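In what follows, a single structure is set out as structure tokens and then discussed.
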Amino acid sequence: MTQTTNSFFDTSFALVTDLYQLTMAYGYWKTNLHEREAVFNLYFRRPPFQSGYTICAGLGLVIEYLQTWQFSETDIAYLATIKGNDDKPLFDNDFLNYLTTMQFNCDIDAMEEGDIAFPHEPLLRIKGPLLQCQLLETPLLNIINFQSLIATKAARICYAAKGEPVLEFGLRRAQGFSGGLVASRAAYIGGCTATSNLQAGKLYGIPVGGTHAHSWVMSFPEELTAFKAYAENIPNNCVFLVDTYNTLEGVRHAIEIGKLLKERGQRLIGIRLDSGDLAYLSIEARKLLDQAGFNDAAIIGSNDLDEHVISSLKDQGATINVWGVGTKLATAYDQPALNGVYKLAALKDQNGQWQYKLKLSEQITKISTPGMLQVRRYLTNSGAMADAIYDEILGIPAECVIVDPLDMTKRRKISLNTPFIELLKPVYRQGKLIYQQPVLSDIRQKAKTEIKRFHESIRRFLNPHIYPVGLEEQLFELKTELILKARRGGRSTRALILVDLQNDFMPGGSLPVTGGNEIMPIVNELQKYFDLIVATKDWHPVNHGSFASNHKGRKPGEQIELAGLPQTLWPDHCVQHTQGADFVNGLDTKRIHKIFHKGTDPNIDSYSTFFDNAHRKSTGLDDYLKKKGIEEVYILGVATDYCVKFSVLDACMLGFKTYIIADACRAVNLQSDDETHALAEMQSAGARVIKSNEILI
């Protein structure tokens, strides 16, 4: 079966794009950037319908589009008529001649249709001449966005139907012929068993279904006569629409004609309910059909159905066993667009070296990810475990860590030898199609198979489970560096350091700092003014030498010598992997880029965020900040007279311009004036004491 839309439209598709794609292409051509090799990634930021997943669809039509992608003579003639605001041609003839001879020669890698995708994962990656990649943005988004949207909606509806057949009836309400056509295709990928759209049946080999409408019944003197006429003329397709006048009376008429069909060796396939109380009517209709011996006759339900209505009908005991879904499927009624985007991620410079590119935003979710991205899906015996988005230029270690792109404190280590699959498959190489497109029925089966790799909780309609997807740690660090460089704009870059905001240092903890919990609103408000935020944690092993409990007969507050250094003994606190070591409730951790642990050696205590005591070991924070280009650090936390003070002193010693945000700190004050002395000591070392309202945006 030929799978093509061009036979339906029979016209060039090159101008199915936005004007600004052509103006940018013209600009690239005039500045001699048009052949510079670029990488773009196509992805979405949120799954549609508040779903826990998205089904990839549309690659087949992308291939069809690219196989015929070329500017026709009439396309060029039209472009020549477009004028600028000076009433002169917008494009010169040499550029238009270039377009006529241009041949597609890009590389494309893509998730296969039927694959399951999640936010920020590239569904498609295109690499090639900058001008060509740019021109393809709009059509590729148009194809992938809409079909993935409809396939996902169909999958949700089929899930609600619990394996019962779902028929797609949406053409009459779809957005145009082409919208209805590709909606039928995508709905089939998502799990629908048939369509009413004959053109889709012809082009894509989708099974078709349908019998008659109310107008058939209304064209005859009475309903029984209409059913009888239909059965006599089309006896092998008898599903009767029974709600034109009186639904249950219509069921009885269908049964009467069903008996005539049976006598003639034919059968009553079923009835359709299209209005009224579908739960009640289906239950009563089932009773009538079964009493008459038509136990195998289907009851088809329609009438503005979607996954939520179907679920409700199931809960009410409806006996519908085939579902006809139209408007709310073919139009994606409750969310008519997938928010897919297409972003430049890398561009070769004049020396042929890749330069990473990143689009900034005040909203974290809108900051693009640089690189030649690939998605690795890690597997267990029970299914999918987690996805890593990584850069093929940087590579990915055999044992990797993934970081949630929207919550930097959420990290997951992937163990060595964990099995995986790569999701982006080669489709084009230098403009040549190398991918064997599966038949549509195989794609549909793939979607059914792939969704079973995931825990069923991602399919629920209310608060679905969030499947773990993260940036590979090297890529996350690269992205952070690029954000800082882009925001710097010639100014010194600054970092906010959160010191030991942990449960054990809060009221009720084992080593409480009075008023420690009072600073959380200030801390959360301050975070929005910083590009880079790091946090420290005391992270002691249970046998740490600073714990009084590990020295027989000793009490907290006493002094001893530990590994050659004077040591104050403390109550057990911030023991690794305990609740006391967790960040305090109420702290917004989503913007924290990295966490540094201190006090991990049982023989050395650690107050400073930069070093263990006496500078015997580094935490790595100094190197981290300097690699990020940080020149200024703003420090807050607990306690002013211990960990905050030593962190500030070390920051000054290391050459950072250092600020202590006094109203976002609290002191232990073993002596009543300890905080005053600590602030004076920090100021003497070169730190500036400020309040939170003095932070400049």
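Taken together, the values in this text are just the output of simple stated rules run on the coordinates, not laboratory data. Keep in mind that what you see is a predicted model, and the values were worked out from it rather than measured. FYI the Cβ positions are ideal-geometry reconstructions off the backbone, even for glycines, and counts take in every protein chain you see.
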Once phi for every residue in segment 340-353 is put through the Karplus expression 6.51 cos²θ - 1.76 cosθ + 1.60 (θ = phi - 60°), the whole-Hz ³J(HN,Hα) values, with Gly and Pro written as x, are x, 10, 9, 10, 5, 10, 6, 8, 6, 7, 5, 9, x, 9
In debye to the nearest 20, the charge dipole size for segment 330-371, taken about the Cα centre with +1 at each Lys and Arg Cβ and -1 at each Asp and Glu Cβ, equals 160
Given the Cα-Cα distance of residue 237 and residue 670 and 0.36 nm per residue of separation, how much length would full extension add, in nm?
146.9 nm
Which links in 485/627; 30/432; 162/314 stretch past 18 Å when you go from one Cα to the other?
30/432
What FRET efficiency do you get for residue 73 and residue 21 if R0 is 30 Å and r is their Cβ-Cβ distance, rounded to the nearest 0.05?
0.90
Contour minus Cα-Cα span, residue 434 to residue 381, at 0.36 nm per residue, comes to 15.9 nm
Could you tell me what percent of the DSSP beta bridges with both partners in the chain are antiparallel, to the nearest 5?
55
Sequence-distant residues sharing a close amide H with residue 385 (under 5 Å, placed H)
378, 379, 380
Taking the Cα centre of each part, how many Å lie between segment 157-236 and segment 275-353?
14
Calculate the FRET efficiency for residue 684 and residue 555 from the Cβ-Cβ distance with a Förster distance of 41 Å, rounded to the nearest 0.05.
0.80
Spelling it out for residue 427: with amide H atoms placed in the peptide plane at 1.01 Å from N, the residues 5 or more places away or on another chain with amide H under 5 Å from its amide H are 108, 109, 110
Can you find, among 583, 621, 607, the residue farthest towards the positive end of the dipole of segment 491-694? Put +1 on the C-beta of Lys and Arg, -1 on that of Asp and Glu.
621
Charge dipole magnitude, Cβ of K and R +1, D and E -1 - the chain, Cα centre, debye nearest 20
780
By a straight-distance test (C-alpha under 13 Å), which aspartates and glutamates pair with residue 262 as possible cross-link partners, with residues fewer than eight away in the same chain excluded?
232, 296
Could you work out how far apart the two model spin labels at residue 363 and residue 416 are, taking each label as a point 7 Å from the Cα in the direction of the beta carbon, and quote it in nm?
4.3
For segment 155-330: relative contact order, % (alpha-carbon pairs under 8 angstrom, 6 or more apart):
27
Per-residue ellipticity at 222 nm attributable to helices in the chain (runs of n ≥ 4 DSSP H, -39500 (n - 2.57) apiece, nearest 500 deg cm²/dmol) works out to -9500 deg cm²/dmol
Segment 319-384, relative contact order [Cα under 8 Å, separation at least 6], %:
20
What's the exposure ranking of 568, 54, going from fewest to most Cβ atoms within 10 Å?
568, 54
Can you grab the distance from the C-alpha centre of segment 394-436 to the C-alpha centre of segment 83-141, Å, no decimals?
24
Scalar couplings 3J(HN,Hα) for segment 530-546 by Karplus 6.51 cos²θ - 1.76 cosθ + 1.60 (θ = phi - 60°), nearest whole Hz, x for Gly and Pro, are 10, 7, 10, 10, 10, 9, 10, 9, 5, 9, 8, x, 5, 9, 5, x, 7
Between residue 86 and residue 351, what is the label-point separation in nm under the 7 Å Cα-to-beta-carbon projection?
3.7
For segment 270-277, 3J(HN,Hα) per residue [Karplus equation, 6.51 cos²θ - 1.76 cosθ + 1.60, θ = phi - 60°, Hz, x = Gly/Pro]:
x, 10, 10, 10, 10, 6, x, 7
Plugging the Cβ-Cβ distance of residue 455 and residue 316 into 1/(1 + (r/R0)^6) at R0 = 25 Å yields, to the nearest 0.05, a FRET efficiency of 0.35
Among the listed pairs 153/359; 202/446; 479/691; 348/626; 446/590; 410/598, which have their C-alpha atoms separated by more than 24 angstrom in this model?
153/359; 479/691; 348/626; 446/590
The chain: relative contact order in percent, alpha carbon pairs under 8 Å with at least 6 residues between
12
From the Cα gyration tensor of segment 143-187, with a ≥ b ≥ c the square roots of its eigenvalues, which class applies: rounded if a/c is under 1.5, or else prolate if a/b is larger than b/c, or else oblate?
oblate
Around residue 547, which amide H atoms from residues at least 5 apart in sequence, or from another chain, sit under 5 Å from its own amide H, with H modelled in the peptide plane?
570
DSSP H segments from the chain that extend 27 Å or more along their own axis, Cα-based, with Kyte-Doolittle mean of -0.5 or above
137-160
Within the under-15-Å Cβ sphere about residue 596, not counting residue 596, Lys/Arg +1 and Asp/Glu -1 give a net charge of -1
